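Each value in this text was obtained by applying a stated rule to the coordinates, not by laboratory testing. Fair warning: this is a prediction, and the values are worked out from it, not measured in the lab. All Cβ positions, glycine included, derive from the backbone under ideal geometry; neighbour counts span all protein chains shown.
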Ligand SMILES: Nc1ncnc2c1ncn2[C@@H]1O[C@H](COP(=O)(O)OP(=O)(O)O)[C@@H](O)[C@H]1O
Ligand SMILES: [Mg+2]
């Protein structure tokens, strides 16, 4: 799952680490790939990422196996992280001259043999080669949208990029999920933005939105997700609920009657492949 939005500060990193921790706490094995040179996801997961640490840069640029850079996250069983170091800032340019520059992450993931249920990729705030690598490697895109003015600005460009990658490099790619972040129900603007997003993307928007919460923003400075920092907080509970929606949806989308053992077929969201960039500027 590719967590992307070329706007900065909309909650990509916060969503990546907290959803990943929520899924792991539900018993899944989850890998977070930090693809932002800032390394905020690595910090939030308490993973050392100073310049000498083996990182996703080595994987992308020097073809180092992913297994050599992945580290377990303390405190959350089943959660792993491939950290980003500041070297990654140069990768955007270094990748240009390499063979198969768009599919280096995809190859690394395909060669990774540890069993995993989910991989979440935290993208940088741009649509350059790092984000393209994530989109070529991924199956689904999750777009966090901050409930504020200008929320939909730039979304058209993001959706067109997804369409381009689907058309040329990864036919499976689709926007499966939109998550409303930093939602403040007391303001009229937030509810107007939420309504507008839900009108455009009825299928994709999760029912759960993430409230603005001080606990969520404090957690990274302790190298923790909000799930371990304050498990009972509204932020932790909302990420757990969002993860539950995603997991149930995934079960519905991947439902295979041949392998079912009785019971009811899950009713759920089936993603259609219409071009989502229609209608949004
Ligand atoms: N639900 C929330 N409530 C309060 N602060 C939040 C919330 N989500 C994110 N933040 C804060 O907003 C800032 C930007 O979030 P971040 O996840 O880093 O965005 P991005 O990765 O898209 O740049 C960070 O300081 C983060 O702690
Ligand atoms: Mg970020």
## Note on the structure
the chain: antiparallel bridges as % of DSSP beta bridges, rounded to 5, reads 10
### Summary
Given 37 °C, 0.692 mPa s and a Kirkwood radius over Cα pairs, the Stokes-Einstein diffusion coefficient of region 26-127 in µm²/s is 240
### Task
Calculate I(q)/I(0) for the chain by the Debye formula, one identical point scatterer on each C-alpha and no solvent, and give its log10 at q = 0.08, 0.11, 0.14 Å⁻¹ to two decimals.
-0.31, -0.60, -1.01
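222 nm [θ] for the chain, helices only, -39500 (n - 2.57) per DSSP H run of 4+, per residue, to 500?
Calculated from helices alone, the mean residue ellipticity at 222 nm is -11000 deg cm²/dmol.
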### Summary
Going fewest to most other Cβ atoms within 10 Å around each Cβ, 229, 118, 239 line up as 118, 229, 239
#### Entry: Spatial separation of Cα centroids for region 18-89 and region 131-157, in angstrom
21
### Fewest-first ranking of 80, 201, using other Cβ atoms within 10 Å as the exposure measure
201, 80
